[in-house]
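So the structure is just underneath, and the comments pick up after that.
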Amino acid sequence: MNVTQSYQLQQYGGQPVAVTHELPRLSENALLVEVTHAGVCHSDVYIQDGYQDLGNGEKINFADSTMPMPLVMGHEIVGRVVAVGSAKNQALVGQQRLIYPWIGCGDCPVCQGGHDNHCEQPQSLGIFRQGGYAEHVVVPDARYLLDIGELDPAWACTLACSGLTVFSALQQLLPVKPESYLAIIGMGGLGLSAISLAKKLGFQRIIACDIADDRLAAAQKLGADLLLNTARSSAPESELKALAQHRLHSVIDTVGNPATVQMAIGTVAKGSRIVLVGLQGGQTALRIPLLPFKALSLTGSYTGSLDELTQLIALVRQGGIATLPISQRPLCCLADALSDLRNGNAVGRIVLNP
Ligand SMILES: [Zn+2]
Ligand SMILES: [Zn+2]
């Protein structure tokens, strides 16, 4: 039996549908992984929509990109190697591995420098190549397979996107300034992953911001020191400033909309850095003198490098990092999982099992 099943998005705006098809033929360096765990990320909701909102009616239309259609989404993948294209990888057969999905062209200077995630010809699994909402996924090279040892695979799969994205963002905020505060905006999968990692990396004063009390409660369990419900606050900027005792030097914005960006710029102290990782979208006016006056760095960060994911796994395997809430569902629940994420009905990560 050389057939397999995958959930294909066949048109933007539609739902993924189960399709049975032949297993692909493997090229020499490629490996076939039987998927056991696939985390559902908010990016998949944007891919399903078919565009990224740039505000004021402007959009990035994915139909104009090199994304294939039909597309099997899913980029947080753990599975077991079941076939290899070359005998050199034979020892990997039967091994459980986490997949680094942010694959680049492999040839350009950026890829050669180890930053596949910044490649201009991205080959990311689940976005530009067929991904993990399937029984099987093809990985083009063994170097993208990482050993997770004794880690719970349901949690480990989330390290490939939500964990890696915030780990890479947190690296940009090191070293921690004395008596300084870190605010993390948005307590979805990224924000919750950031809380316990930030603690492990030495941030002692962490403020979790969200619009929902159940997500803030989850943040508190993971180690957030202070909580701010920005929807219930009449003056969230002044409240955040006061909570941070005017020493807010670091912000990770996992939402990325005009209100969250303005709140971050409006509340940070001098000599601070705001890292945007959220993709909710929109446009906002920038009060230009605030950047020099506050010696403020406003930066964006996209996922992370293969080297960073390797470092993250090593850090997590040391222990002492709290696990974000995970609900596991069968892969056939993909459409419901996407709509729960879209509607803000999921606390933590949904992980699907084929
Ligand atoms: Zn993701
Ligand atoms: Zn490249």
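Pull up all non-local amide H partners of residue 82: gap of 5 or more, or a different chain, and H-to-H distance under 5 Å with H placed in the peptide plane.
Amide H neighbours of residue 82: 32, 33, 34, 94.
Magnitude of the Cβ-charge dipole of the chain, K/R +1 and D/E -1, about the Cα centre, nearest 20 debye?
920
Would you mind checking 59/200; 200/241; 199/270; 221/241 for any pair whose Cα atoms are more than 30 angstrom apart? Can you show the working numbers first?
Details: 59/200 38 Å; 200/241 24 Å; 199/270 23 Å; 221/241 23 Å.
Distance filter (> 30 Å) returns 59/200.
In what sequence do 165, 260, 323 fall when counting other Cβ within 10 Å, fewest first? If you can, show how the numbers build up before the last one.
Numbers: 165 29, 260 24, 323 18.
Ascending number of Cβ neighbours within 10 Å: 323, 260, 165.
Along the charge dipole of the chain, which of 244, 70, 302 sits closest to the positive end, that is, farthest toward it, with unit charges on the beta carbon of Lys, Arg, Asp and Glu (+1, +1, -1, -1)?
Going by the charge dipole, the pick is 244.
For the range 156-222, what class follows from the C-alpha gyration tensor (a ≥ b ≥ c being the square roots of its eigenvalues): rounded when a/c is under 1.5, otherwise prolate if a/b is larger than b/c, else oblate? Can you show the working numbers first?
Working: a/c = 2.00, a/b = 1.13, b/c = 1.77.
Taking the square roots of the gyration eigenvalues as a ≥ b ≥ c, the range 156-222 is oblate.
Ranking 263, 73, 187, 67 by Cβ neighbours within 10 Å, fewest first, what do you get?
Exposure proxy ranking, most exposed first: 67, 263, 73, 187.
Per DSSP helix of 4 or more residues, -39500 (n - 2.57); summed, then divided by the residues of the chain. What does that give at 222 nm, rounded to the nearest 500?
-7000 deg cm²/dmol
With only Lys, Arg, Asp and Glu charged, each at its Cβ (+1 for the first two, -1 for the last two), find how big the charge dipole of the range 220-263 is about the Cα centre; round to the nearest 20 debye.
It comes to approximately 80 debye.
Measuring from label point to label point, each 7 Å out along Cα→Cβ, what is the residue 64 to residue 28 span in nm?
3.9
Given the chain, what percent of its DSSP beta bridges are antiparallel, to the nearest 5? Can you show the working numbers first?
Details: 32 of 59 bridges.
That works out to approximately 55 percent antiparallel.
Please list 3J(HN,Hα) in residue order for the range 330-343, calculated via the Karplus relation 6.51 cos²θ - 1.76 cosθ + 1.60 where θ = phi - 60°; whole Hz, with x for glycine and proline.
Per-residue couplings from phi come out as x, 4, 5, 8, 3, 4, 5, 4, 5, 6, 4, 5, 4, 8 Hz.
At a 10 Å Cβ-Cβ cut-off, how would you order 234, 196, 339, fewest neighbours first?
Lowest count first: 234, 339, 196.
For the pair residue 82 and residue 204, what calculated FRET efficiency results from E = 1/(1 + (r/R0)^6), where r is the Cβ-Cβ distance and R0 = 51 Å, to the nearest 0.05?
0.70
Step through the residues of the range 112-124 one at a time and calculate ³J(HN,Hα) from phi using the Karplus curve (6.51 cos²θ - 1.76 cosθ + 1.60, θ = phi - 60°), rounding each to whole Hz and writing x for Gly and Pro.
4, x, x, 10, 3, 5, 10, 5, 7, 10, x, 10, 3
Find how many whole Å separate the alpha carbon centroid of the range 327-347 from the alpha carbon centroid of the range 1-45.
First find each Cα centre; the distance between them is then 17 Å.
Picking from 24, 16, 122, which is most flexible by a Gaussian network model of the chain using Cα springs under 10 Å?
Result for the chain, Cα springs under 10 Å: 24 fluctuates most.
Each value in this text was obtained by applying a stated rule to the coordinates, not by laboratory testing. Being a predicted model, the structure only gives us computed values, none of them experimental. Heads up, the Cβs are rebuilt from the backbone with ideal geometry, glycines too, and the neighbour counts pull from every protein chain shown.
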